[in-house]
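J.: Below you'll find the structure I mean.
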Amino acid sequence: MNLSTQNEMANSEQLDDPDRKVTKCHCLPKRFLLVIMGFFGYNILYMLRVNLSVAIVSMVNHNNGRPNPPLIQGNSNESNSIAIMNVIIDKNDKFDWDENIQALILSSFFAGYVVTQFPGGRLADIFGSKWLFGLGIMATSILTIISPFAARIHYTVFIGCRVLEGLFEGLAYPSMHSMFAKWIPLYERSRMSTFMYSGSQIGTVLTMPVAALLCDSEFFGGWPSVFYVFGSIGLIWSAIWFMTVHETPEIHPTIQREELDMIIANRNNDLTGKKRKMPWRSIVTSVPLWALIIAHFGQNWGFYTFLTQLPRYFQNVLHFDIKKNGLYSSLPYLCQAIVGCMAGYICDKLYASQSFRLGTLRKTANTLAFMGPTICLLLLIQIGNNDPKWCIILFTMALGMNGMFLAGYHVTHVDMSPTYASTLMGITNCFANLAGIFAPYVVGIILTNVQIEQQQQNHHYYRTMDGIKYSMYHVLFIHYRL
């Protein structure tokens, strides 16, 4: 008897048992607890993913003053080194990685990430999300902690470590759609999903300034502490997740009867019965699904370009120090999370009023999420890098308006098919995260060519990338149909 069959039998028995024990305490509803834990889970997923975007600024020897040895070595100058676990760590640790190597390191995560997107989603639909999501974050946290040691051995070992991190995060990220479909009523879906998935943006908001402060400190040698701190946070969260979260409301031991009945009555299909055969032909030939893939890819291309390059833009073009870099790099993602949550709340209210169809609300949110950044980036092209204040404002507005995607395509998988929601998320996220591989690599090629030319041409690269995103947004605007 497999795990899914056991869960189905347990669900059926508990639903049919009129004497089933339920808690009498009027505490936080269990679906809210799930969403809060999911919020912090996605928060940590992005902490573990984003930390390198800031840390790499301190890891690289930008002056190319001396070659860095690939193996762990001590420094005879005691004022510049500290001992950790009998290993001497140089606080001035720097690596001579050129733009191509940095691009490979930044994109290597996604080489693993895209591979496990579909398996992660499919496994979640078959066996459940709890252990897949929790173990994915736990394994990524362990790999994050050992990352500094991998970097000192050789950059190829570091790349291998990042690929493994991507593999485990790829299993975790799409899996929550399946649990979300089991726990969240239809009329709460927009605001609950936008809040939970906004954990990704809040994770970025917290990571940027905290990572910058850690890099600038003497704690555990500076930049290595970024990996130690965020990896440890992930392990603590994993333990709490395993102890507090249950796969379905039907098997939760302390859920109140009224909450359980409300959830079951307001899901848009029955998820407790036997799983049906996967309708592969319908999925492959689904025009709305392919539109969803295109929208998801376009969003990720722009998002990962910002994610991996914004700190470097603030340093190399606007010449901010590491502390200002981390602060200003985080502001756009804070705005993105706030706007996303507001969009989800408004969508739920409008849908509950029965004034708008759900599909209309999703498409409107998605169109605004794509067209708003386009306008901001066009304005940024006109300003160039002559006014840092307006550069920060326009970047913040661009990603802020983009936050509406959380109430757009990002939750459409659950609307399309709650039964196969994680599988659909795995499919679209697999294609979409190819952008995570190619976008940093394209950046590395452009920057390498720019370095050969005059320094004054630096900002032309950023205009080029803005043009790519502008074109992508317009293509998506024309073709996005659900």
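J.: Just wondering, is there one or more residues in the stretch 242-258 that are out of contact with any helix residue (DSSP H, G or I) (no Cβ under 8 Å at 6 or more places or on another chain), under 24 Å from Leu132 (Cα atoms) and modelled with pLDDT under 90?
T.: yes
J.: Being of a type in the set (A, V, I, L, M, F, W, C) and in contact with a Leu (Cβ under 7 Å, 6 or more places away or on another chain) is the filter; apply it to the stretch 213-235 and report the residue that is surrounded by the most Cβ atoms within 10 Å (Cβ to Cβ).
T.: So, considering only residues that are of a type in the set (A, V, I, L, M, F, W, C) and in contact with a Leu (Cβ under 7 Å, 6 or more places away or on another chain), the one surrounded by the most Cβ atoms within 10 Å (Cβ to Cβ) is Val226.
J.: Further question: Just wondering, is there one or more residues in the stretch 382-396 that are under 21 Å from the mean Cα position of the chain (by Cα), assigned to a helix (DSSP H, G or I) and farther than 21 Å from Ser193 by Cβ?
T.: Yes, some residue in the stretch 382-396 is under 21 Å from the mean Cα position of the chain (by Cα), assigned to a helix (DSSP H, G or I) and farther than 21 Å from Ser193 by Cβ.
J.: Related question: Being in contact (Cβ under 8 Å) with a residue 12 or more places away in the chain and out of contact with any Leu (no Cβ under 9 Å at 6 or more places or on another chain) is the filter; apply it to the stretch 288-300 and report the residue that is surrounded by the fewest Cβ atoms within 10 Å (Cβ to Cβ).
T.: Ile293
J.: May I ask you to verify whether Phe395 is crowded, with 17+ Cβ neighbours inside 10 Å and either aliphatic (A, V, I, L, M) or under 30 Å from Ala124 (Cα atoms) (or both)?
T.: Against the criterion (crowded, with 17+ Cβ neighbours inside 10 Å and either aliphatic (A, V, I, L, M) or under 30 Å from Ala124 (Cα atoms) (or both)), Phe395 does not qualify.
J.: In the list Gly359, Gly340, Gly384, which residue meets the criterion of being at pLDDT below 85, under 22 Å from Tyr187 (Cα atoms) and of a type in the set (Gly, Ala, Ser)?
T.: Gly359
J.: I'd like the residue in the stretch 340-371 that is small (Gly, Ala, Ser) and not in a helix (DSSP H, G or I) and, out of all such residues, is surrounded by the fewest Cβ atoms within 10 Å (Cβ to Cβ).
T.: Ser353
J.: Which of (1) without any contact (Cβ under 8 Å) to a residue 12 or more places away in the chain; (2) surrounded by fewer than 19 Cβ atoms within 10 Å (Cβ to Cβ); (3) in a helix (DSSP H, G or I) does Ile240 not meet, given it meets every other one?
T.: So the condition that Ile240 fails would be (1).
J.: Moving on to the next point. Out of Gly166, Gly112, which single residue is at pLDDT 85 or above, out of contact with any Leu (no Cβ under 7 Å at 6 or more places or on another chain), under 30 Å from Lys182 (Cβ atoms) and assigned to a helix (DSSP H, G or I)?
T.: Gly166
J.: Taking Thr156 as the residue in question, decide whether it is of a type in the set (Ser, Thr, Tyr), at pLDDT 85 or above and touching a helix residue (DSSP H, G or I) at 6+ places or on another chain (Cβ under 6 Å).
T.: No, not satisfied.
J.: Would you call Thr374 in a helix (DSSP H, G or I), at pLDDT 80 or above and of a type in the set (S, T, N, Q)?
T.: So Thr374 fits the description; yes.
J.: In the stretch 87-105, how many residues are at pLDDT 50 or above and within 13 Å of Val60 (Cα to Cα)?
T.: So the count comes out to 13.
The values are calculated or read from the model by the stated rules, or taken from the named source; none is laboratory data. Keep in mind the model is a prediction, meaning the values are calculated, not measured. Because the Cβ atoms are built from the backbone with ideal geometry, glycine has one as well, and the counts that use them run over all protein chains shown.
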